[in-house]
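Working notes for the structure below.
The values are calculated or read from the model by the stated rules, or taken from the named source; none is laboratory data. What you see is a predicted model; the values in this text were computed from it and never measured. Please note: Cβ atoms are built from the backbone with ideal geometry, for glycine as well, and neighbour counts cover all protein chains shown. Heads up: the accessible areas ignore ligands, DNA and RNA and are worked out on the full protein's heavy atoms, side chains in. Shrake-Rupley method; radii C 1.70, N 1.55, O 1.52, S 1.80 Å.
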Amino acid sequence: MSGKNLTRKKLDKTLKPHWVWAIALGSSIGWASFVMPDTWMGQSGPLGVILGLTIGALLMIIIAISYGVLIRNYPVSGGEFAYAFLGLSRLHAYISGWFLTLGYICIVALNATAFSLMLKFIFPNFIEQVKVYEIAGWEVYLTEIIIATVLIGIFTLLNIRGTTISGRLQFIFVAILIAGVLTITIGMTSSAETSFSNLTPVFTPEISALAAILTIVAIAPFAYVGFDNVPQAAEEFKFSSKKALTLIVLAIFFAAAIYSLMIVATGVAMPWQQLSEANHAWGTGVVVQEVLGTGGLIVLATALTMGIFTGLNGFLISSSRVLFAMSRGKVLPKAFSNLHSKYNTPYFAIIFAAIVAIIAPWFGREVLGWIVDMSSVGVSIAFFYTTYTAYKLLRWNDQDPKFDPELHIVSPGKKVVTLLGMVASLSFLVLLLYPASPAALGIESLIALLVWVVIGTIFYIGRRKELMKYTREELAYLILGEDKFKLNKDQD
């Protein structure tokens, strides 16, 4: 390295294995498993949704193997930001981090607004107070903005105090969530008022079975986004990073099971087409209340609340760690890597993520939904960077003249899997961006994507002079913690 006096800031190792599993699982399922069943069934039918989500889970596990390889060898904050730098260049690292940051922060905001939506369903007269305005057909009320702001504020304070508190709470939330899902599923499927015949036809009649399944497969990056929160917190593992892949796979398996159970629990109550066409604000809440009464609704609302809390908490952790890592890697201003004097947490990054998340609900849930849909593209891009880097890191054998025993790993089996992960990542992008795809993004989401790209380009141009002051070797030390700059050394 050069003569610069570089100081690399580090985070404390406080996270236990079951907390990390809970971060991955709680972030993956969030509110969608409780709110979206009737919408998804309307698109693809019950079996179409279950098969689509199951295939999506298998594809996520294939992609997760690349994460396991990289977390094991590079347990640092920033995840895909660090991997894109390792495999390619500082520009690609910036692109990966830019998209991840937006996606993560928007999901924090989406979970907070989902809590307001749940309260609106249960206490409509209380929530629908002081209408501010209407945007994209969505009425924005001051009451729900206040609730979302307070909720984000609480989790901001918890996160500033460290991952010991947020990690422990995440596990408790997930345990309550699972108990609630099992209770609702057993209650709904065993009731005399429900029938499995309501799940037919199993696919949407208007489209082919394949199109129905692919429609759901395409949203897998959104449905399971959260397992990739694990690499964001890798620097804070209080255990061997070798366990990361097992924790991720278990989280994806549980997430797929919870999604499927909630589809069944919702669909058995009444003919699913009728439920979907009714266009309820919360279809699952309606049928659970009709079948299981107020008690069932309380259990469902509790499980949903835990899903919201776990998503909000998990993505606040991850968004702040990406911001911290980008700042440590000189992509963002120094303030984002400032650590709290008492808790040693990236408090400025946490507060910044929270402020952006608090602003988002003012744009209305419809607009926020467009941005989140667009973020599926960013997540897919991050998946590709991760699988690509893992593919380059792995080797078929050690006979290659360029083989470096300090950098490369001989594992032909995993190399094949990482190649499949690259194909899966690109497939998600095609499904989202190809106009004729059954899961293509709407024009609003595409516009949001273009706007974010333009903003990111302008910001990068403004930061490029500062960023280029550092050699790749110096950035490797700051981002990865080691002099792992040999891979694609000439890229920068």
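Details
- Any hit, the range 107-114, residues being at pLDDT below 85, of a type in the set (Ser, Thr, Tyr), out of contact with any strand residue (DSSP E or B) (no Cβ under 9 Å at 6 or more places or on another chain) and on the phi < 0 side of the Ramachandran plot: yes
- The lone exception for residue 342 - which of (1) free of Cβ contacts under 8 Å to residues at least 60 places away in the same chain; (2) assigned to a helix (DSSP H, G or I); (3) open to solvent by 60 Å² or more (accessible area, probe 1.4 Å) it fails: (2)
- Taking helices (runs of 4 or more DSSP H) as the structural unit, those lying wholly within the range 384-492 and holding at least 1 residues that are at pLDDT 90 or above, of a type in the set (A, V, I, L, M) and crowded, with 16+ Cβ neighbours inside 10 Å correspond to 412-433, 472-480.
- Taking the criterion of being hydrophobic (A, V, I, L, M, F, W, C), in contact (Cβ under 8 Å) with a residue 24 or more places away in the chain and farther than 11 Å from residue 147 by Cα, the residues of the range 109-131 that qualify are 109, 110, 118, 121, 122.
- Across the range 140-159, the number of residues qualifying as in contact with an Asp or Glu (Cβ under 8 Å, 6 or more places away or on another chain) and either among the aliphatic types (A, V, I, L, M) or open to solvent by 30 Å² or more (accessible area, probe 1.4 Å) (or both) comes to 1.
Residues checked against (1) buried (at least 19 other Cβ atoms within 10 Å of the Cβ); (2) within 30 Å of residue 10 (Cα to Cα):
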residue	(1), (2)
173	yes, yes
193	no, no
204	yes, no
233	yes, yes
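- Conditions (1) surrounded by fewer than 22 Cβ atoms within 10 Å (Cβ to Cβ); (2) more than 20 Å from the chain's Cα centre (by Cα): number failed by residue 358: (2)
- A single member of 336, 315 is surrounded by fewer than 24 Cβ atoms within 10 Å (Cβ to Cβ), among the aromatic types (Phe, Trp, Tyr), in contact with a helix residue (DSSP H, G or I) (Cβ under 9 Å, 6 or more places away or on another chain) and part of a helix (DSSP H, G or I), and it is 336.
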